[in-house]
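The values are calculated or read from the model by the stated rules, or taken from the named source; none is laboratory data. All of these numbers come straight from a predicted model, not from anything done at the bench. Note that we place each Cβ from the backbone using ideal geometry, even for glycine, and neighbour counts take in every protein chain shown.
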Amino acid sequence: MEAAQTGQATEPENAELKPFFYSIDEIPAHSIAQMMDGMGDEDAKQEMYDIFGRDLMTKVILQSPNLSVFHEEAKPGEAVKPHRHGTHQITYVLRGSLHYGNRVTSAGMGYYSPDRLYAWTAGDDGAEWIEIHAGQPQAYAK
């Protein structure tokens with residue numbers, strides 16, 4: 001497993017991470033469909049589409065064994081089904097809103113999940129947020 005910095009540079013898992021600066025505008029965005037492209041396991045690919053859809057956009061700011069940080073964007077009304085990541089997770093909304101059932105998080109608000117199932121729907125203006133994980137997240141539907 002490798003650790004990616006700014007979505008570009010990688011370092012081996014046991015290498016020491018170095019400080020770096022980044023611009024979110026310079027990090028490439030990838031949809032779920034793009035990330036799954038080339039994955040040979042069709043059942044696993046379909047499971048990801050069932051949970052996250054195909055269009056959720058992700059930029060990797062940092063991915064290491066101890067900490068992962070992503071910039072995410074969703075279109076208006078886009079939704080994810082109940083899932084968890086196997087990590088403690090903080091979501092901080094930058095723009096728009098995410099609706100978790102009857103709870104709404106908008107710009108300046110967030111959500112903490114201690115590895116529990118959750119689902120959301122993006123609001124009328126879509127949503128943009130930072131997602132922080134204690135470790136490397138996976139996708140679990142149970």
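Tabulated data for the structure shown
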item: Hits in the stretch 81-121 (condition: of a type outside the set (Asp, Glu) and not in a strand (DSSP E or B)); result: HIS85, GLY86, THR87, GLY101, ASN102, ALA107, GLY108, MET109, ARG116, LEU117
item: Pairs where the first residue, in the stretch 55-73, is surrounded by fewer than 16 Cβ atoms within 10 Å (Cβ to Cβ) and the second is of a type in the set (S, T, N, Q) and at pLDDT 95 or above, C-beta under 6 Å, 6+ apart; result: ASP55/SER31
item: Yes/no for THR87 being crowded, with 16+ Cβ neighbours inside 10 Å, among the β-branched types (Val, Ile, Thr) and in contact with a Leu (Cβ under 9 Å, 6 or more places away or on another chain); result: no
item: SER64 under 13 Å from the mean Cα position of the chain (by Cα), under 20 Å from TYR22 (Cβ atoms) and among the small types (Gly, Ala, Ser); result: no
item: Total residues in the stretch 44-80, condition among the acidic types (Asp, Glu), outside any strand (DSSP E or B) and either under 21 Å from LEU94 (Cα atoms) or in contact with a Lys or Arg (Cβ under 9 Å, 6 or more places away or on another chain) (or both); result: 3
